[in-house]
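**Q** Structure incoming, see below.
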Amino acid sequence: MTGPRITLVQGDITRQCVDAVVNAANSSLLGGGGVDGAIHRRGGPAILAECRMLRASRYGRGLPTGQAVATTAGNLDARWVIHTVGPVHSRDEDRSDLLASCYRESLRVADDLGAKTVAFPAISTGVYRWPMDDAARIAVQAVRDTDTAVEEVRFVLFDERAYQAFATHLN
Ligand code: AR6
């Protein structure tokens with residue numbers, strides 16, 4: 001099996017031209033700060049409207065941590081946003097598998113959609129406080145371990161430090 005090509009760029013995930021952009025969302029699916037805020041701002045109200053419909057139907061209790069669901073990408077230069085909920089980092093409990101699950105499940109949703117290029121942020125490394133180096137290791141490993149028809153996984157890292165962390169684990 002040859003997995004997806006993994007590429008790294010430093011920049012803003014809302015500026016990517018890909019089939020699917022992954023959102024580091026929260027269980028409410030109703031928006032927040034960081035990547036989530038930026039995606040809703042640039043993508044426009046169509047994304048939130050679809051998130052509200054998901055809350056009114058399949059995800060009445062919210063999207064569980066480690067799972068993923070797709071909506072329209074609104075005005076983004078993408079066809080879909082795949083919302084996933086990363087775990088809050090904990091010193092007492094190992095939640096690595098939930099973080100890996102975000103990447104796995106997002107790629108499974110991408111496969112269901114037929115998306116071939118997918119942009120991921122560094123899930124859980126902002127508001128959810130996961131240490132960047134460890135998050136990068138888990139992210140790269142999770143993508144490499146996933147059997148998917150996605151051709152390119154693009155990690156979009158906001159700053160130089162995040163970019164370097166991912167570059168270290170890619171090589
Ligand atoms: N493009 C790429 N990366 C970004 C961007 C951007 N536009 N903006 C921030 N980052 P976060 P989380 C980086 O906080 O930790 C929200 O309120 C950021 O520097 O977006 O999973 C949600 O609603 C960091 O490295 O996501 C949830 O409540 C990484 O993206 C909660 O935050 C992830 O930071 C989710 O927290």
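The numbers here are math on the coordinates, done by the rules we state, and not lab data. Given the structure is predicted, the values throughout are model-derived calculations rather than measurements. Every residue, glycine among them, receives a Cβ derived from its backbone with ideal geometry; neighbour counts consider all protein chains shown.
**Q** Under a no-solvent Debye model with one identical scatterer per Cα of segment 51-117, what's log10 I(q)/I(0) at q = 0.16, 0.20 Å⁻¹?
**A** Cα-only, vacuum Debye calculation for segment 51-117: -0.61, -0.87.
**Q** While we're looking at this one, here's another question. In nm, give the distance between the simple-model label positions of Arg61 and Gln141, each being 7 Å from the Cα along the Cα-to-Cβ direction.
**A** So the two model labels end up 2.9 nm from each other.
**Q** Still on this structure: Rounded to the nearest 5, what is the percent of antiparallel bridges among the DSSP beta bridges in the chain? Display every interim value, and only then the final one.
**A** Details: 5 of 23 bridges.
Beta bridges within the chain, antiparallel portion: roughly 20 percent.
**Q** Suppose only helical runs count, i.e. DSSP H with n ≥ 4. What mean residue ellipticity at 222 nm does that imply for the chain under -39500 (n - 2.57) per run, divided by all residues and rounded to the nearest 500 deg cm²/dmol?
**A** On the way: 5 runs with 65 residues, N = 171.
One gets -12000 deg cm²/dmol as the mean residue ellipticity at 222 nm.
**Q** Just need the relative contact order of segment 5-170 here, percent rounded to a whole number, with Cα pairs under 8 Å and 6+ apart. List each step's numbers first, then the result.
**A** Details: 343 pairs, mean separation 50.7, N = 166.
Reported relative contact order: 31 percent.
**Q** In addition: Springs between alpha-carbon atoms under 10 Å, Gaussian network over the chain: tell me which of Arg61, Arg154, Arg42 tops the mean-square fluctuations.
**A** Residue with maximal mean-square fluctuation among Arg61, Arg154, Arg42: Arg61.
**Q** Provide, as a two-decimal number, the C-alpha radius of gyration of segment 17-69 over 2.2 N^0.38 Å, N being how many residues it has. Could the numbers behind the result be given before it?
**A** Values: Rg = 10.8 Å, N = 53, 2.2 N^0.38 = 9.9 Å.
So the Cα radius of gyration is 1.08 times the expected 2.2 N^0.38 Å.
**Q** Consider just the alpha-carbon atoms of the chain and return their Rg together with their Dmax, both in angstrom.
**A** Cα only, the chain: 14.5, 44 Å (Rg, Dmax).
**Q** Treat every Asp and Glu Cβ in the chain as -1 and every Lys and Arg Cβ as +1, leave all other atoms uncharged, and give the resulting dipole magnitude about the Cα centre to the nearest 20 debye.
**A** Details: 19 positive and 20 negative charges, 90 e Å.
Its charge dipole is roughly 440 debye.
**Q** What order, most packed first, do the peptides 117-124, 99-106 have when packing is the mean number of other Cβ atoms within 10 Å of each residue?
**A** Numbers: 117-124: 26.2, 99-106: 24.1.
By packing density, highest mean first, the sequence is 117-124, 99-106.
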